[in-house]
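The values are calculated or read from the model by the stated rules, or taken from the named source; none is laboratory data. Source: prediction; values computed, not measured. Here the Cβ is made from the backbone with ideal geometry for all residues, glycine too, and neighbour counts use every protein chain on show. Each accessible area value is taken on the protein alone, full model and side chains, heavy atoms only, with ligands, DNA and RNA left out. Shrake-Rupley method; radii C 1.70, N 1.55, O 1.52, S 1.80 Å.
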Amino acid sequence: MLTITAVNLLDPAEFTRVFGNAVEHAPSIAAVLARRRPLRDAQHLLAELYSVIDGLSDSDKVDILRRHPDLAGTLAEQGLLTAESTREQKAAGLDQLTEQQKYDLKRLNLSYRDKFGFPFVICARENRAVAILEGLTRRMINTPEKEVAVGLAEVKKIARLRVLDVVVA
């Protein structure tokens, strides 16, 4: 755990290494965030992080969503998720799915990706497997614009928890 003073003293490369996966596979977000220092506290860091995300172009926002893995998908089966995603999917119980739940999730993930062009993103640490399956079904009716907004709100929840895993609040 780092204090905000320690965060402010990190050189830019180390800051980017530490926070480079606060947003899945998006070290460029951390690099921009590093230039917004000094930060007053963890909440200020999060506010600046959200501001960076909100300031992205529409195509970059979709790109952020595309960087996320399918929940309980091929990468998880092959052990190729980031350490953060592995912990988060385990916390939701996605490593304990029944064969039917795995089938349903794969089918829904494919349908979702076909419709929206990016994977279903939900803060797994704030949900359990059944709620994730229900959320995936429920969100399929959204428009693409609505789903980008909902997905980015989930990205922010994920990033918040990842930052708070590193920074003393």
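Data overview
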{"item": "Solvent-accessible area per residue, Å², over the range 127-169 with all protein chains present [probe radius 1.4 Å]", "result": "49"}
{"item": "Cα-based reach from Lys106 at 19 Å (exclusive), listing lysines while leaving out same-chain residues under 8 positions away", "result": "Lys90, Lys115"}
{"item": "Distant-in-sequence amide H partners of Leu2 (H built 1.01 Å from N, under 5 Å)", "result": "Val167, Val168"}
{"item": "Cα centroid of the range 146-169 to Cα centroid of the range 1-73, whole Å", "result": "10"}
{"item": "Test item: Cα-centred dipole of the range 57-134, Lys/Arg +1 and Asp/Glu -1 on Cβ, debye", "result": "40"}
{"item": "Whole-percent carbon and sulfur share, accessible surface of the chain, 1.4 Å", "result": "54"}
{"item": "C-alpha long axis of helix 42-54 to longest principal axis of the chain, angle in °", "result": "60"}
{"item": "Set of aspartates and glutamates with alpha-carbon distance to Lys146 below 13 Å, sequence-local pairs under 8 removed", "result": "Asp58, Glu154"}
{"item": "Residues Val166 and Gln78, FRET efficiency given R0 of 25 Å [Cβ-Cβ distance, rounded to 0.05]", "result": "0.40"}
{"item": "Mean ellipticity per residue at 222 nm, deg cm²/dmol - from DSSP H runs of n ≥ 4 across the chain, formula -39500 (n - 2.57)", "result": "-19000 deg cm²/dmol"}
{"item": "Charge sum, other residues only, whose C-beta stays under 14 Å from Glu48's C-beta, Lys/Arg counted +1 and Asp/Glu -1", "result": "+4"}
